[in-house]
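> Just dropping this structure here.
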Amino acid sequence: MKHLSAINPYFWKYRNRFFIGIIFVIGANYFAVLAPQITGYVVNQVQLHLPGAKPVASKPAHDWLVSGFIKWVDHSNVDFGTLIAICSVTILLLAIIRGVLMFFMRQTIIVMSRHIEFDQKNAIFQQYQKLDTNFYKTNSTGDLMNRMSEDVSRVRMYTGPAIMYLINLVALIGFSVVSMLRKDVALTIYVLAPLPILAFTIYLVNSIINKKSEKIQSLLSDLTSNSQESYSGIRVIKSFVQEKAMLGFFKANSEAYREQAVGLAKVEAIYFPSMALMIGLSTLFTICIGGIQALHDTSKLGLIVEFVIYINMLTFPVSAIGWTASMIQRAAASQKRINEFLHAKPSIENCSNPSGKPITGVIDFQNVSFTYPHTGIKAIQRLDLRIEKGEKILVLGRTGSGKSTIAQLLLRFYDPTIGRICIGGIDIKDIDTKILREQISYVQQDVFLFSDTVSNNIRFGLSETASQEKIEKAAQFSNVHNEILGFEKGYETMIGERGVTLSGGQKQRISIARALIKDPEIIVFDDCLSAVDAKTEYRILSNLYTYLKDKTAIIITHRIFSTFRFDKIIVLENGSIIEMGDHDQLMIKNGYYAELYRMQLTEQEKELEEGSAEI
Ligand code: ADP
Ligand code: MG
């Protein structure tokens, strides 16, 4: 239960709505308990009109509203038929008032729970955005999604229906028990005696239900992750003709889920019969005990009817005890899971007093080592690298040599395990991450485009400052403008899941345009021309030469761009620099670079020749 205290600030936020809601619940129940009293009165009146009726021995104690009503009816001296009619209309009116109040009770409390649900989802989403890359590596997307949808819905069942039924239950039991006690203490005790047994039975059944539900929840999580993966990897599944195997996999998972769910249904099936039994017992006690009393005092007849109505009225709320208890327990378990993520501290956070100055100047990696958390892979080892302002550097190296890691460290997706990285003499840990990332454009190795229009993908995050002209200029620089114009709706063409499918090269170039439009101080291209042909690559590089004039650029690749003059070329191996210098120096060194250069030059020339032959 303590986990649910995280919700209290929301109740406080919507306190006015909540308070009014409680008043509506209390009001609705107050009017609910008036009707049986009038029914009891009518029965007594009927009984008085029967032949041989004895005068009423004792006046039952009514609620003051009902007493006033009865006094008024008695004094108005109407005939018997009119009296019955007046009472019937009054009962109907009470039901209407109750209905209206119940309508408003839902309007306030259930609507409040929807507001809380909305706020909670926003808070979780905001927290997800703050968490670092490492968090996303260690938690599955299915789990993240589940906590935001399934768990939040369960918490809503607590903030809405559960709270509403709980208040309803307390109010109804309160009002009806007071009414019953005022009329006949002994009969009340007999009638209510089975209810604690009912509550206890429901409690027992509930603990079993909760255990099973927890298990079902985790199985459901597995099932969601499992199917999510199948949808994302559908092409691989189809091309390897693994549909059947995947179905089998899914079936096995959902079979486990089914077994648990069926088990739960069986336990839940005990619920209602046991409740019906207890309510039946209460009714039986009322009729038997009340009946015996009525033999001596005929005014008890109305009382019996009244009590039977009370018991029926209590049926639903008492059954809701177990139901609400189980909802609250489930909500607590869900809130616990939500809290785990809400309280997760991002390992990359702004320092308490970050420098807000724009970043500029030398990029300096000082004795940087980095080990990936959880896997223990030493990706960077004792790296010293100085990049002057405005320099263009090329980072080469085999796959896994640590090239992308360097870029990620520079953007502070991770912090170095040892050493530090400074820009313009300031440790990047002391720079506001917002400014740092705004000033560095990072074109990632794995391109990601959103399901949105081409122009929105390019202007991503710059909706105000990026004019159509700027967007087109960026696309021209990355040599994708003409292809975009060739799409049916040009820059307004939808891409991604709901739109056109782009080639790998087109995606890469759109993501380059996205980086260029930011007009950053520093730009990092991480192997982002791997899917374009040599001719296009040549064009892009020529364009970039002008664009990058005053910018610092780090170009990571496994290809050599012979046409581009780099100020510095570094070759990485196992996270360390094994060669560093300009083109001429490295050619003289005759190492990895020279070998790669000779090998690729012949290939590139061949490709370019073939390309020009096509034109
Ligand atoms: P490159 O870009 O040169 O191909 P990376 O910088 O991506 O190399 O990777 C360097 C090493 O770190 C590799 O051994 C790789 O397996 C490992 N690595 C990369 N990313 C992660 C990660 N998120 N978690 C754990 N290990 C990683
Ligand atoms: Mg890489």
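All of the numbers you see were taken from the coordinates with simple rules; none came from a lab. Just so you know, these numbers come straight off a predicted model, no measurement behind them.
> Can you run the Rg to Rh ratio on the chain? Use alpha carbon positions and the Kirkwood inverse-distance Rh.
Details: Rg = 37.5 Å, Rh = 31.2 Å.
In the chain, Rg relative to Rh is 1.20.
> What helices in the chain pass both tests, a Cα length along the helix axis of 15 Å or more and a mean Kyte hydropathy of -0.5 or higher, using whole DSSP H runs? Working shown, then result.
Values: long enough: 15-49 (52 Å, 0.81); 64-75 (16 Å, 0.49); 80-130 (75 Å, 0.81); 163-183 (30 Å, 1.64); 194-232 (55 Å, 0.02); 243-296 (79 Å, 0.62); 300-342 (61 Å, 0.69); 504-516 (18 Å, -0.39); 534-547 (19 Å, -0.54); 592-614 (33 Å, -1.25).
Span-like helices, by this rule, are 15-49, 64-75, 80-130, 163-183, 194-232, 243-296, 300-342, 504-516.
> Would you list which aspartates and glutamates come within 18 Å of LYS518, measuring only between C-alpha atoms, while excluding same-chain residues fewer than 8 positions from it?
Excluding near neighbours in sequence, the set is ASP432, GLU438, GLU464, GLU469, GLU472, ASP526, ASP550.
> Given the rule -39500 (n - 2.57) for each run of at least 4 DSSP H residues, summed and divided by the residues of the chain, what is its mean residue ellipticity at 222 nm, to the nearest 500 deg cm²/dmol? Each step should come with its number before you reach the end.
On the way: 22 runs with 386 residues, N = 615.
That comes out to -21000 deg cm²/dmol.
> Filter LYS345/LYS551; LYS345/LYS473; LYS403/LYS473; LYS429/LYS489; LYS2/LYS429 down to the pairs with a C-alpha to C-alpha distance above 32 Å, please. Write down the numbers at each step before the final one.
Working: LYS345/LYS551 34 Å; LYS345/LYS473 40 Å; LYS403/LYS473 29 Å; LYS429/LYS489 44 Å; LYS2/LYS429 36 Å.
Over 32 Å apart, Cα to Cα: LYS345/LYS551; LYS345/LYS473; LYS429/LYS489; LYS2/LYS429.
> Hey, what's the Cα Rg ratio for region 189-252 versus the globular rule of thumb, 2.2 N^0.38 Å? Before the final figure, lay out the partial values.
Details: Rg = 22.1 Å, N = 64, 2.2 N^0.38 = 10.7 Å.
Normalised by 2.2 N^0.38 Å, the Cα Rg of region 189-252 equals 2.07.
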